[in-house]
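The values are calculated or read from the model by the stated rules, or taken from the named source; none is laboratory data. Model, not experiment: these values are computed from the prediction. Ideal geometry is used to build each Cβ from the backbone, glycine not excepted, and the neighbour counts take in all protein chains shown. Note: accessible area is taken over every heavy atom of the protein model, side chains too, but ligands, DNA and RNA are not part of it. Shrake-Rupley method; radii C 1.70, N 1.55, O 1.52, S 1.80 Å.
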Amino acid sequence: GKSNIDTYGQHSVFYENNILGLFDNHTLDIYSIDCEKIDNIYSSAILFEINGNQYKSVLKFSNNKKYLSPYLSSFNKLENNNYLVNYGYVIDKEEFKRVNCNFDYYVKEPETVIFEIDENGNVLFEGSIDEMSKQFAYKNNFYNYGIKNFSVERYIYYENEEVL
């Protein structure tokens, strides 16, 4: 039969040990709702437990329904059994309302917000990248040095970049 899983615009679908994970951009709502209701629309990382032809939601991480990331984004399980949630194209809802929720007129650069969460949705790490969208996020071990927190203010690709 048909399913009524309430998601609109899935990314990064994965399945392991009867657990189905996906990032729900919640894209379709932004094309069909009254623009004033945009504050109630948000994106989430969701885990479903599948048993036969039954399913139930076991985790829905939406960071207090704060972010709408209608495009890009990713969600995956890490080697340490935590999860990496990438809101890859966070729009500014107030700016979006100013252009009557029309992407043709929305010109503000998106933000990327990345979380590492445990299986209960507790936030272990949060980071953001201003004015840049990212479709995928990965976690790498920096040589086991135990670096837990760092801040990058500005990154210069080439000190004396020349155009050929």
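From the list Asn80, Asn86, the lone residue that is among the polar types (S, T, N, Q) and more than 8 Å from the chain's Cα centre (by Cα) is Asn80.
Only one entry of Tyr67, Tyr105 meets the criterion of being under 19 Å from Asp130 (Cα atoms), open to solvent by 10 Å² or more (accessible area, probe 1.4 Å) and hydroxyl-bearing (Ser, Thr, Tyr), and that entry is Tyr67.
The set of residues in the stretch 70-95 being open to solvent by 40 Å² or more (accessible area, probe 1.4 Å), at negative phi, in a loop (DSSP other than H, G, I, E, B) and without any contact (Cβ under 8 Å) to a residue 60 or more places away in the chain consists of Glu79, Asn80, Asp92.
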